[in-house]
Amino acid sequence: MKLRKTAAVAAMAAALALTATACGGKEGSAGDAGKAPGGKDAPAAPKYTVAKDAKVDGSPAFKAAKTRGKLVIGAKADQPYLGFEDQATKKRSGFDIEIATMIAADLGFSPEQIEWKTVNSDLRETTIAQGQVDYYVGTYSINDKRKKQVGFAGPYYKAGADLLVRKDENSITGKEAVKGKKVCSIKGSTPLQEIKKPEYGAEVVELGKYSDCVQQLLSKQVDAVTTDDSILKGYAAQNPTNLKVVGKPFTTELYGIGVSKDDKALRTAINDSITKHVKDGTYKKIYDSTLGLSGSTYAEPPAVENY
Ligand code: GLU
């Protein structure tokens, strides 16, 4: 009992340290994901030109945003290098945050005109469908089931489900080695659905957000965490002494930007923004200043899908 408690306390401390170090960046610029692993200063995220007379004819979300003078963007808050909120400063950073800010600029909204709303995986479809956000950028895989409830711009990034384990773990070498192991994943996520398939034989633990799974991994309540490699690499980069990613992705996760299902005009405007900034190099600069720091190599994103 005593031992368990100590482990839990240690895990809490580790989780807190993670929160503290994830945001060591300078104040003021939107893109600080903190220091690059290895101590180098992170390159700064690009500045975005805010469009003066942006119009998205026929988009109900754009019209509502114009009227209120603010864009409401859904995001994650506990994914270092992707979608992270510093609890002390309330500042957001990461790849998804930058992509969302870049799109906002093309729609005519400055960073000051963005209101962020944290939405975890299990509430994305309802939040978007109910119009509580104008769009959502948060490691959100495009799939047909979700397309019944929401629309997707993109894809803007390709990830794949992988496994995060403790540094001293040698038996979990890939998806074929999780039989009988306790594997944590997140409600409402595609990797959870995947790992629950009987063929894996894993004992699955379902929690509400990824940082909770990581905490359970550190305190040895679970043996692995599964989700997209992009997310897991971020946690490993924050805590390389205790965590590692197995490195054998076993699904394809194409990240899209969630919009209201019938808002084709907004979907097209977002697609145009992505395509433009992949071409002009802004996308690569964003990547290098955020996700690239967690050890993923750069790859050009797949072409957007206009449907
Ligand atoms: N990309 C996966 C999904 O959309 C996992 C990451 C997440 O939960 O955000 O379900």
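The values are calculated or read from the model by the stated rules, or taken from the named source; none is laboratory data. Small disclaimer: the values here were computed from a predicted structure and weren't measured. When we count neighbours, we look across all protein chains shown, and the Cβ atoms used for this are built from the backbone with ideal geometry, even at glycine. The area values use the complete protein model at the heavy-atom level, side chains included, leaving out ligands, DNA and RNA. Shrake-Rupley method; radii C 1.70, N 1.55, O 1.52, S 1.80 Å.
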>> How tilted is helix 2-21 with respect to the longest principal axis of the chain? Cα atoms for both, answer in degrees (0 to 90, nearest 10).
In response: 30 degrees
>> Calculate the FRET efficiency for D212 and L123 from the Cβ-Cβ distance with a Förster distance of 22 Å, rounded to the nearest 0.05.
In response: 0.90
>> Helix-only mean residue ellipticity at 222 nm, the chain, DSSP H runs n ≥ 4 weighted -39,500 (n - 2.57), per residue, nearest 500. What is it?
In response: -9500 deg cm²/dmol
> If the cut-off is 20 Å between C-alpha atoms, which lysines fall inside it for K279, apart from same-chain ones fewer than 8 positions away?
Replying inline: K47, K158
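Which whole-number value in Å² is the accessible area per residue of the chain, probe 1.4 Å?
Accessible surface, normalised per residue, equals 45 Å².
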>> Could you tell me the center-to-center distance, by alpha carbons, between the range 125-142 and the range 228-279 in angstrom?
In response: 14 Å
>> As an exercise, use a Förster radius of 41 Å and the Cβ-Cβ distance of T297 and K187 to find the FRET efficiency, rounded to the nearest 0.05.
In response: 0.85
> How far is helix 229-238 tilted, in degrees, relative to the longest principal axis of the Cα atoms in the chain, given as a value from 0 to 90 rounded to the nearest 10?
Replying inline: 70 degrees
> Taking the alpha carbon gyration tensor of the chain, what are the square roots of 5 times its eigenvalues, largest first, to the nearest whole Å?
Replying inline: 32, 21, 17
>> Report the gain in length on full extension from A88 to R68: 0.36 nm times residue separation, minus Cα-Cα distance, nm rounded to one decimal.
In response: 4.5 nm
>> Could you sort the peptides 139-145, 64-70, 227-233 by per-residue average Cβ neighbour count (10 Å cutoff), highest mean leading?
In response: 227-233, 139-145, 64-70
> Per the Kirkwood formula on distinct C-alpha pairs, the Rh of the range 130-276 is how many angstrom?
Replying inline: 16.1 Å
> Any idea what the dipole of the range 124-232 comes to, in debye rounded to 20, about its Cα centre with Lys/Arg Cβ at +1 and Asp/Glu Cβ at -1?
Replying inline: 200 debye
>> Ignoring ligands, DNA and RNA, please state the percent of accessible area on the chain from carbon and sulfur, probe 1.4 Å.
In response: 53 percent
>> Could you give the length gained by full extension between Y307 and E112, i.e. 0.36 nm per residue of separation minus their alpha carbon distance, to one decimal place?
In response: 67.1 nm
> For the range 35-131, with only Lys/Arg (+1) and Asp/Glu (-1) charged at the beta-carbon, what is the dipole magnitude about the Cα centre, in debye rounded to 20?
Replying inline: 260 debye
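Which peptide among 93-99, 111-117, 182-188 comes first, and what is the full order, when sorted by highest mean count of other Cβ atoms within 10 Å?
93-99, 182-188, 111-117
For the chain, give me the percentage of DSSP beta bridges that are antiparallel, rounded to the nearest 5 percent.
Expressed as a percentage, antiparallel bridges in the chain total about 60.
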> Got a sec? Charge dipole of the range 190-291, +1 on Cβ for Lys and Arg, -1 for Asp and Glu; which of F250, H277, L232 is way out at the positive end?
Replying inline: H277
